[in-house]
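For reference, the structure discussed in these notes is given below.
The values are calculated or read from the model by the stated rules, or taken from the named source; none is laboratory data. From a predicted model like this one, the values you see are computed outputs, not experimental measurements. Cβ: placed from backbone, ideal geometry, glycine included. Neighbour counts: every protein chain shown. With ligands, DNA and RNA removed, areas are computed over all heavy atoms of the protein, side chains included. Shrake-Rupley method; radii C 1.70, N 1.55, O 1.52, S 1.80 Å.
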Amino acid sequence: MAQARAARLKGRVAVVCGGARGIGRASALALAREGNAVAIADLREDQAAAVASELQDAGARAVAVAMDVTDPAAVRVGMAHASDALGAVEVLVNCAGWDEFKPFLATEEPFWRRVIAINYEGCLRTTQAVLGGMAERGWGRIVNLSSDAARVGSAQEAVYAGAKAAVIAFTKTIAREFARDGITANVVCPGSTDTDMLEEMVRGAPDSERLVGALERAVPMRRLGRPPEVAEAVAFLASEEAGYITGQTLSVSGGLTMA
Ligand SMILES: NC(=O)c1ccc[n+]([C@@H]2O[C@H](COP(=O)([O-])OP(=O)(O)OC[C@H]3O[C@@H](n4cnc5c(N)ncnc54)[C@H](O)[C@@H]3O)[C@@H](O)[C@H]2O)c1
């Protein structure tokens, strides 16, 4: 019992990609509350710095790191910055994401490439940057953000849903390859969650008023998710206590999908 208590309080070093706002920011706050040191890695450097100072003010070790997950050099440099500042990376949370609502026939290849580069390839790149070190040290937690769109499809999100489904398959495979190295890899799938990303997507869509109502009505709980609700699942899967859970896909979506 005393041992379990000590394990719970052992702080790890976490990197949250896409941690400057939304679900990533909430995940960074939850990880810091659990005693972890947290690097906030994001394109939005000012917002990442604001989250890092918020965490420092609350007594946590935190640093902001400039990172574009679509740029291999930026990921390498950003991960090195995080580990120089806080120590070897033990927890990776991939929250960077982007989409626009568009009917599939209205999408073009540059849009496909952008969606896949951010939502899928970004995950591959950040994961590859930290996995070798985790395996050498015999401990690691990877938590990748996918979407319920990947599990049941989502009208006007064909390319994004496909990229997010790739995140699930990738995560399960990493879970298998590293199961004997003390590393777990799991997926959290939010449903529609009240963040800037969703707001920007809705604003850019025709008939945006009707769209929000439709998104809410699709959820058995009849409301959008809130970032801290998703962050609790992220923090649990990143914890010592979740050490026997790997390759799983957990929806946090008010019952939108049940499986
Ligand atoms: N909000 C939703 O309804 C919803 C639903 C399902 C899944 N998700 C997923 O959850 C994750 C978080 O979404 P959110 O709603 O909090 O979005 P958000 O836009 O509020 O936050 C995403 C963060 O990722 C960062 N980012 C974007 N591109 C990046 C890049 N190339 N490199 C580094 N950082 C980058 C942004 O700057 C931003 O800070 C995403 O993966 C998203 O696809 C969101």
Just to check, using Stokes-Einstein with a Kirkwood Rh over alpha carbon pairs, what's the diffusion coefficient of the range 1-144 at 37 °C and 0.692 mPa s in µm²/s?
210
Extension reserve of the Met221-Phe104 stretch, reckoned as 0.36 nm per residue once the Cα distance is removed:
39.3 nm
Please compute the contact order of the range 186-259 in relative form: average sequence separation of alpha-carbon pairs under 8 Å and at least six residues apart, divided by the residue count, as a percent.
52
The simple spin-label model distance between Asp84 and Ala179, using points 7 Å out along Cα→Cβ, in nm, is 3.9
Accessible area of the chain with a 1.4 Å probe: how many percent of it is carbon plus sulfur?
53
Run the dipole for the chain about the Cα centre, Lys and Arg Cβ at +1, Asp and Glu Cβ at -1, nothing else charged, and hand back the magnitude in debye, nearest 20.
740
What length, rounded to one decimal in nm, is gained on full extension from Ala169 through to Arg114, with 0.36 nm per residue of separation minus their alpha-carbon distance?
17.8 nm
Please report, in cubic angstrom per residue, the volume enclosed by the convex hull of the alpha-carbon atoms of the range 143-212.
83
Roughly how many whole Å is it from the C-alpha centroid of the range 100-134 to that of the range 189-259?
19
Given the peptides 78-91, 240-253, arrange them by the average over their residues of other C-beta atoms within 10 Å, most packed first.
78-91, 240-253
How much accessible area per residue does the chain have, counting only protein heavy atoms and a probe of 1.4 Å, in square angstrom?
48
Tilt relative to the chain, helix 22-33 - C-alpha long axis, 0 to 90 degrees, to 10
20
Here the relative contact order (percent) of the chain, from C-alpha pairs under 8 Å and at least 6 apart, is 19
The chain, convex hull of Cα, quarter of hull surface, nm² -> 13.8
Given the rule -39500 (n - 2.57) for each run of at least 4 DSSP H residues, summed and divided by the residues of the chain, what is its mean residue ellipticity at 222 nm, to the nearest 500 deg cm²/dmol?
-15000 deg cm²/dmol
Whole-Hz ³J(HN,Hα) from phi, Karplus 6.51 cos²θ - 1.76 cosθ + 1.60, for the range 170-178, glycine and proline x:
4, 5, 4, 5, 4, 4, 5, 5, 10
Give the peptides 175-186, 127-138, 147-158 in descending order of average Cβ contacts within 10 Å, highest first.
147-158, 175-186, 127-138
Does the range 120-259 come out rounded, prolate or oblate, given a ≥ b ≥ c as the square roots of the eigenvalues of its C-alpha gyration tensor, rounded meaning a/c under 1.5 and, failing that, prolate meaning a/b above b/c?
prolate
Accessible area of Trp112, 1.4 Å probe, to the nearest 10 Å²?
80
Show Asp99, Asp57 ordered by accessible area, largest first, where the area counts protein heavy atoms only and the probe is 1.4 Å.
Asp57, Asp99
